[in-house]
Amino acid sequence: ITPHVDPAEVLLIFSGGEVLVREDLERAGAEVTRRGYAWGMVTNGMALTERRLDSLLDAGLRTVSVSLDGFEREHNYIRGNPLSYERALEAIRRIVRQPELTYDVVTCVTGAMIPHLEAFRDMLIAEGVAHWRLFSIFPMGRARDDRTLRMTDEQFRTCLLYTSDAA
């Protein structure tokens, strides 16, 4: 016996790697929409042009999470691309102007960002961002070998206290 799942209670999220490199993302999203389910994506924003966003909205896009891991220096260092911050911020500016979208900005906090959390939050608010989530880096990949990407125990406590104070 297969339990019934109400499509109105399901949100399918495309993530992993960078979803916007998929040329068939709109086709996949439209199929999810055709079947009665809502869908969203997690993106680094690098390829989210105005045209691509319109195309995704036409395919039924309902939610977007954009990764922005700090100000330009910190974000570009983590992402390894000198254009990453600028493009992610442009994507956020496009998304916040779409009243039909639910969105948030996700930040992978490093030790270097701890002293800048309040200023970063204020910048996001000035950009119109209403929803912000903080993560810590998991020590795998580059973070395993680059200790500057990790937080000390004290920095982690500071981050936790910051999030609980901001709530």
(Q) For a quick check of your reading of the model, give me the residue pairs whose first member lies in the stretch 106-135 and is more than 22 Å from ASP153 (Cα to Cα), whose second is among the charged types (D, E, K, R) and assigned to a loop (DSSP other than H, G, I, E, B), with beta-carbon atoms closer than 8 Å and at least 6 apart or on different chains. (A) GLY128/ARG97
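Do we have any residue at all in the stretch 46-63 that's among the small types (Gly, Ala, Ser) and at pLDDT below 95?
Here is the first cut: in the stretch 46-63, the ones among the small types (Gly, Ala, Ser) are 47, 55, 59-60.
Remaining after also requiring at pLDDT below 95: none.
Looking through the stretch 46-63, none of the residues is among the small types (Gly, Ala, Ser) and at pLDDT below 95.
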Q: Go through (1) on the phi < 0 side of the Ramachandran plot; (2) touching a helix residue (DSSP H, G or I) at 6+ places or on another chain (Cβ under 6 Å) one by one and return the number of the condition GLY60 breaks.
A: (1)
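Considering only the stretch 8-21, state which residues are in a helix (DSSP H, G or I) and either surrounded by 14 or more Cβ atoms within 10 Å (Cβ to Cβ) or within 15 Å of the chain's Cα centre (by Cα) (or both).
Filtering the stretch 8-21 down to residues in a helix (DSSP H, G or I) leaves 8-9, 19-21.
Within the stretch 8-21, VAL19, LEU20 qualify.
Is it the case that ARG34 is farther than 20 Å from TRP132 by Cα and in contact with an Asp or Glu (Cβ under 9 Å, 6 or more places away or on another chain)?
Values: farther than 20 Å from TRP132 by Cα: yes; in contact with an Asp or Glu (Cβ under 9 Å, 6 or more places away or on another chain): no.
In short, no.
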Q) Which members of the stretch 62-82 meet the condition of being under 28 Å from ALA28 (Cα atoms) and hydrophobic (A, V, I, L, M, F, W, C)? A) VAL64, VAL66, LEU68
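I'd like the full set of residues that are of a type in the set (Gly, Ala, Ser) and open to solvent by 80 Å² or more (accessible area, probe 1.4 Å), limited to the stretch 118-148. Spell out how you get there, then give the answer.
Filtering the stretch 118-148 for residues of a type in the set (Gly, Ala, Ser) gives 119, 126, 128, 130, 136, 141, 143.
Hit for the stretch 118-148 is ALA126, nothing else.
Select from the stretch 22-46 the residues that are in a loop (DSSP other than H, G, I, E, B), touching a residue at least 24 places away in the same chain (Cβ under 8 Å) and open to solvent by 30 Å² or more (accessible area, probe 1.4 Å) and list them in ascending order. Reasoning before the result, please.
Pass one, the stretch 22-46, residues in a loop (DSSP other than H, G, I, E, B): 22-24, 35-37, 44-46.
Now restrict to residues that are touching a residue at least 24 places away in the same chain (Cβ under 8 Å): 35-37, 44-46.
Those that are in a loop (DSSP other than H, G, I, E, B), touching a residue at least 24 places away in the same chain (Cβ under 8 Å) and open to solvent by 30 Å² or more (accessible area, probe 1.4 Å): ARG35, GLY36, TYR37, ASN44, MET46.
State whether the residues of the stretch 55-75 include one that is open to solvent by 40 Å² or more (accessible area, probe 1.4 Å), closer than 30 Å to ARG35 by Cβ and in contact with a Phe, Trp or Tyr (Cβ under 8 Å, 6 or more places away or on another chain). Steps first, please.
Step one: filter the stretch 55-75 for residues open to solvent by 40 Å² or more (accessible area, probe 1.4 Å), giving 55, 58, 62, 71-73.
Imposing the further condition that a residue be closer than 30 Å to ARG35 by Cβ reduces the set to 55, 58, 62.
Then drop every residue that is not in contact with a Phe, Trp or Tyr (Cβ under 8 Å, 6 or more places away or on another chain), which leaves 62.
Yes: the stretch 55-75 contains one or more residues that are open to solvent by 40 Å² or more (accessible area, probe 1.4 Å), closer than 30 Å to ARG35 by Cβ and in contact with a Phe, Trp or Tyr (Cβ under 8 Å, 6 or more places away or on another chain).
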Q | Matching residues, the stretch 76-117, being open to solvent by less than 40 Å² (accessible area, probe 1.4 Å) and among the small types (Gly, Ala, Ser) | A | SER84, ALA88, ALA91, GLY111
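The values are calculated or read from the model by the stated rules, or taken from the named source; none is laboratory data. Because the structure is predicted, anything quoted here is derived from the model rather than measured. Every residue, glycine as well, gets a Cβ built from its backbone with ideal geometry; the counts of neighbours run over all protein chains shown. Side chains included, ligands, DNA and RNA excluded: accessible areas come from the protein's heavy atoms. Shrake-Rupley method; radii C 1.70, N 1.55, O 1.52, S 1.80 Å.
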